[in-house]
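Student: There's a structure below that I have some questions on.
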Amino acid sequence: MTAPEESSFLPAPGRSVPCGAHFRAAVLELAALRGVGVQALVTAALLLAPEGAADPGMRDSGGEAVLEVEGVQSCDAAIRRALAAALALADPGARILPAEDVRRLEAAVETLGYRNKTLAHALQRLSFQPLDGQITEVRDAAQLFGFVNEWCFDEDQVRRRFRELAPVYHPDTGIVACRERMGQLIDARNLLVHHVRSVYSSGDWLAKRGRTPI
């Protein structure tokens, strides 16, 4: 065995890794909790640290400090990133996901985002535009709610249809946010509810309701 080959198996010398004071204290506490030394903690953490993780840096709100690390052939930043990952994973609620699962979840989120945009675009094309002025006619209110005429619904159906439409047009959270449309939906609901309550018991309503499909 040649000298260069022998040197490749020599353990990495110990060194001081600069880090934040609070960070150092947390690492030492975790190592003590696990019953291992900092070297063992770093070695294990290097296997788990995600790619592209942020370097916690050489100082924090507690100031600057150093960690004595032996036998680890990685740069200071990589060691700090690995230990930061170990501290994060010490949280009982933390989970480690395989990279393939992470990519699959990211792809699913991207697909859902695309579908949401497509749905919003379709709703913008298909939805009615706000009518001119206030909703004062029962016929217009019924049309706004998608009813065939002013005799084919009851109060429960009006409120149920409003709950279906309101999330679509809500000006803050709606897929097709429209303040004017939302205001007209509220006016239409109130008008239709009043219409049902005022004439529901009349014979004219019951007669027309009996001839009209719901």
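Student: Has region 56-71 got any residue that is open to solvent by 70 Å² or more (accessible area, probe 1.4 Å), within 33 Å of the chain's Cα centre (by Cα), more than 30 Å from GLU100 (Cβ to Cβ) and not small (Gly, Ala, Ser)? Walk me through it before giving the result.
Tutor: As a first pass, look at region 56-71 and keep what is open to solvent by 70 Å² or more (accessible area, probe 1.4 Å): 58-59, 61, 64, 68, 70.
Retained after the next criterion (residues that are within 33 Å of the chain's Cα centre (by Cα)): 58-59, 61.
Restricting the remaining residues to those that are more than 30 Å from GLU100 (Cβ to Cβ) gives 58-59, 61.
Of the ones still in play, those that are also not small (Gly, Ala, Ser) are 58-59.
Yes, region 56-71 has at least one match.
Student: Output the number of residues of region 156-187 satisfying the condition of being closer than 21 Å to ASN116 by Cβ and either open to solvent by 90 Å² or more (accessible area, probe 1.4 Å) or out of contact with any helix residue (DSSP H, G or I) (no Cβ under 8 Å at 6 or more places or on another chain) (or both). Walk me through it before giving the result.
Tutor: The first filter runs over region 156-187 and keeps only residues closer than 21 Å to ASN116 by Cβ, leaving 163-179, 181-182.
Those still in the list that are either open to solvent by 90 Å² or more (accessible area, probe 1.4 Å) or out of contact with any helix residue (DSSP H, G or I) (no Cβ under 8 Å at 6 or more places or on another chain) (or both) too: 163-164, 167, 172-173, 179.
Going through region 156-187 one residue at a time, the tally reaches 6.
Student: Also, quick follow-up: Within region 29-52, can one find any residue that is open to solvent by less than 50 Å² (accessible area, probe 1.4 Å), among the hydrophobic types (A, V, I, L, M, F, W, C), in a helix (DSSP H, G or I) and more than 12 Å from ALA86 (Cβ to Cβ)?
Tutor: no
Student: Okay, next question. Against the definition (over 25 Å from VAL199 (Cα atoms), of a type outside the set (Asp, Glu), surrounded by 12 or more Cβ atoms within 10 Å (Cβ to Cβ) and modelled with pLDDT under 80), how does ALA99 come out, yes or no? Even if it seems obvious, please write down each step before you answer.
Tutor: Numbers: over 25 Å from VAL199 (Cα atoms): yes; of a type outside the set (Asp, Glu): yes; surrounded by 12 or more Cβ atoms within 10 Å (Cβ to Cβ): no; modelled with pLDDT under 80: yes.
Taking the combined requirement at face value, the residue does not satisfy it.
Student: If you go through region 53-67, how many residues are of a type in the set (A, V, I, L, M) and assigned to a loop (DSSP other than H, G, I, E, B)?
Tutor: 3
Student: Name every residue in region 72-91 that is surrounded by fewer than 17 Cβ atoms within 10 Å (Cβ to Cβ), in contact with an Asp or Glu (Cβ under 9 Å, 6 or more places away or on another chain) and within 17 Å of ALA32 (Cα to Cα), in order of residue number.
Tutor: Within region 72-91, none qualify.
The values are calculated or read from the model by the stated rules, or taken from the named source; none is laboratory data. Since the model is a prediction, treat every value here as computed from it, not as a measurement. Methodologically, a virtual Cβ is constructed for each residue, glycine included, from the backbone with ideal geometry; neighbour enumeration extends over all protein chains shown. To get the accessible areas, we keep the full protein, side chains included, count just its heavy atoms, and leave off ligands, DNA and RNA. Shrake-Rupley method; radii C 1.70, N 1.55, O 1.52, S 1.80 Å.
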